[in-house]
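Here is the structure we will look at, set down as structure tokens.
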Amino acid sequence: MMGPQAKSWIAQIAPYVPGKAATDDGRPLVKLSANENPLGTGAAAREAFARGSADLATYPDPTATKMRTAIARVHGLEPDRVIYGTGSDELLHLAASAFAGPGDEVLYVRYGFSVYDIAARRVGATLVVAADRDYGTDVDALLGAVTERTRVVFLANPNNPTGTMTGAADIARLHAGLRPDILLVLDQAYAEYLDADEDDGGLELARTASNVFVTRTFSKIYGLAAERIGWGTASAEIIAILHRIRAPFNVTTAGQEAAIAAVEDQAWVDQSRAHNRRWRDWLTAEIGSMGNHGLRVVPSKANFLLVLFEGRFSAESAFRGLMDAGYATRWLPGQGLPDALRITIGTAEQTQDIARLLRAMVEGA
Ligand SMILES: *Cc1c(COP(=O)(O)O)cnc(C)c1O
């Protein structure tokens, strides 16, 4: 007798590949493979987490009211239009589940975030992948790929793994070109790394338009990846729909407390952004100076660089060489980028070490 059979669309899912934290034989690595904050977590958030861990026997607040209120205050939103998830990953899945199913199309750009593929397949929807432009989002290609079956468009901005940014004018043009029955999910996991004048206008669109869902996370600049907290905002109607299918107690008590303290500690965000900008620019220039060896950096607005290896020295060799030296980075053959390595901006020492190691490798090749 055959055992239970997974739905055909589930059986076709390639599992998410997390960033490495150790070598295959178990040696720990410095993790520059998951875009975490190299400075860690702010002191206020760590203290709030400790306080929030005192009572482990009681379920967390299922409405996350204090957390929603704190997030809404900082971003100028209505608390009732803020939803939260076990990471923003949960929210991306909720969006696909609520608005797409078998026979529908979910659209995103080539080299988009790998979770979109899983979220769309999980609900049995058909994936449509629009061409990129220089590794970035091509709004015309996205609009050209819309059909009468399109239900959800996912766009990470800045995008992971490319680090590319779509400006406010292009986001507005994309939104204006989509039918009102298509949900535009703007995944702003790295938005806190942008300067104020680089804002893509997503939160304002989510506030005013009926078909825009913006997601954010506490996993990246806030340094709370271990706690799994994301949030999002959209019209009251969309938020009500998403609440119906989220897990009932999807953010822990300690996580809610930590998130409140974190969002109120914008000094930590500013410090982390400044660190990132400084060392991202530095590493971009360093690797740029290795252009004669075929290395090229895709201009990044996030906390990582996508480095292309177009010469004799391959991305795979760099990945293995950096691992031998104790660093986990992300080599991306599974995402159609076998010639690219994604490297998270680390501490000053780590970033300088990466540049030194890369230079020694390419010059010795
Ligand atoms: C890291 C990341 C996320 C979310 O992570 P969570 O930890 O689930 O909040 C979402 N989108 C993109 C593009 C990311 O890189």
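No value in this document is a laboratory result; all are computed from the given coordinates. In this text the structure is predicted, and so the values were computed from the model without any measurement. Cβ sites come from the backbone with ideal geometry, for glycine too, and all protein chains shown count toward neighbours.
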#### Entry: Long-range neighbours under 8 Å by Cβ, at least six apart or interchain, first residue in contact (Cβ under 8 Å) with a residue 24 or more places away in the chain and closer than 16 Å to L142 by Cβ within region 180-192, second in a helix (DSSP H, G or I) and within 10 Å of the ligand (Cβ to nearest atom)
V185/L92; D187/S88; D187/L92
### Task
Using the structure shown, decide if E257 is more than 22 Å from R359 (Cβ to Cβ), buried (at least 22 other Cβ atoms within 10 Å of the Cβ) and more than 14 Å from the ligand (Cβ to nearest atom).
yes
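Tell me, which helices (runs of 4 or more DSSP H) lie completely within region 158-263 with 3 or more residues that are of a type in the set (G, A, S)?
Output list reads 168-177.
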### Summary
Of those in region 41-56 that are surrounded by 14 or more Cβ atoms within 10 Å (Cβ to Cβ) and assigned to a loop (DSSP other than H, G, I, E, B), the residue nearest to the chain's Cα centre (by Cα) is T41
### Task
Under 7 Å between Cβ atoms, at least 6 apart or on separate chains: pull out the pairs that start in region 153-169 with a residue that is without any contact (Cβ under 8 Å) to a residue 60 or more places away in the chain and more than 10 Å from the ligand (Cβ to nearest atom) and end on any residue that is assigned to a loop (DSSP other than H, G, I, E, B) and polar (S, T, N, Q).
T166/T137; T166/N157
### Query
Counting only residues that are touching a helix residue (DSSP H, G or I) at 6+ places or on another chain (Cβ under 6 Å), in contact (Cβ under 8 Å) with a residue 24 or more places away in the chain and more than 16 Å from the ligand (Cβ to nearest atom), how many does region 79-111 have?
2
#### Entry: Qualifying residues in region 22-39 (those that are away from the ligand (no atom under 16 Å from the Cβ) and assigned to a loop (DSSP other than H, G, I, E, B)) - the one surrounded by the most Cβ atoms within 10 Å (Cβ to Cβ)
L29
## Note on the structure
Within region 128-144, of all residues that are more than 9 Å from V109 (Cβ to Cβ) and assigned to a loop (DSSP other than H, G, I, E, B), the one nearest to the ligand (Cβ to nearest atom) is Y135
### Query
Which of the residues that make up region 81-101 are assigned to a helix (DSSP H, G or I) and not aliphatic (A, V, I, L, M)?
R81, G87, S88, D89, E90, H93, S97, F99
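Hey, can you tell me all the residues within region 143-152 that are touching a residue at least 12 places away in the same chain (Cβ under 8 Å) and surrounded by fewer than 17 Cβ atoms within 10 Å (Cβ to Cβ)?
Of everything in region 143-152, those that are touching a residue at least 12 places away in the same chain (Cβ under 8 Å) and surrounded by fewer than 17 Cβ atoms within 10 Å (Cβ to Cβ) turn out to be L143, G144, T147, R149.
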### Query
Got at least one residue in region 112-126 being charged (D, E, K, R), in contact with a strand residue (DSSP E or B) (Cβ under 8 Å, 6 or more places away or on another chain) and within 12 Å of the ligand (Cβ to nearest atom)?
no
### Message
Can you tell me which residue is surrounded by the fewest Cβ atoms within 10 Å (Cβ to Cβ) among those in region 307-327 that are within 11 Å of S33 (Cβ to Cβ) and in contact with a helix residue (DSSP H, G or I) (Cβ under 8 Å, 6 or more places away or on another chain)?
### Response
Y327
